[in-house]
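These notes are about the structure you will find just below.
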Amino acid sequence: MRIGELARRTGVSTRALRYYEQQGLIHAERSANGYREYDESDVRLVAEIRTLMTVGFTLEDARPFVECLRSGRPTGSSCPESVAVYQRKLLEIDAEIRTLLARRSEVAAQLAEACPGCLLSRRGETRGVT
């Protein structure tokens, strides 16, 4: 299939597909007229990349998942290298959460100092003395 069809079927722009190809995540054969021709299996590879990127993975993070699929595994996450990426990503997310909680605590302390008696609601709205 040509790049336009792969883009339509996967919901990814042709520009992104060219970039994935440049990064070695997908591969296109060239027809006699120079058009890129993709294999049906590329639909699954692009879907895997897109799913991972949607939840915050980078293209480099996606590489082991793509290689796992290329090796014939039923899912991109069924290889030890993919599991290692998941584990590393969870550690990164946990660190980000700790950083955000510390930042929130600091901002709440500054609010309490600036506006004694003010409360922060669950929706983030300040209530109290104005």
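The values are calculated or read from the model by the stated rules, or taken from the named source; none is laboratory data. This is a predicted model, so every value here is computed, not measured. We place every Cβ from the backbone using ideal geometry, glycine too, and count neighbours over all the protein chains shown.
Selection of the range 84-118 for residues being of a type in the set (A, V, I, L, M) and either under 30 Å from Pro64 (Cα atoms) or in contact with a Lys or Arg (Cβ under 6 Å, 6 or more places away or on another chain) (or both) yields Ala84, Val85, Leu90, Leu91, Ile93, Ala95, Ile97, Leu100. If you filter the range 74-124 down to residues that are outside any helix (DSSP H, G or I) and among the basic types (Lys, Arg), you find that the one that is modelled with the highest pLDDT is Arg123. Among the numbered conditions (1) free of Cβ contacts under 8 Å to residues at least 12 places away in the same chain; (2) touching an Asp or Glu at 6+ places or on another chain (Cβ under 7 Å), the only one that Val55 does not meet is (2).
Looking across the range 22-40, the residues that are closer than 14 Å to Gly4 by Cβ and not in a loop (DSSP other than H, G, I, E, B) come down to Arg36, Glu37. Selection within the range 14-57: residues that are in contact with a strand residue (DSSP E or B) (Cβ under 6 Å, 6 or more places away or on another chain) and not small (Gly, Ala, Ser). The member of this set that is surrounded by the most Cβ atoms within 10 Å (Cβ to Cβ) is Glu37. Out of Val85, Val107, Val66, one residue alone is aliphatic (A, V, I, L, M), surrounded by 10 or more Cβ atoms within 10 Å (Cβ to Cβ) and under 25 Å from Arg2 (Cβ atoms). It is Val66.
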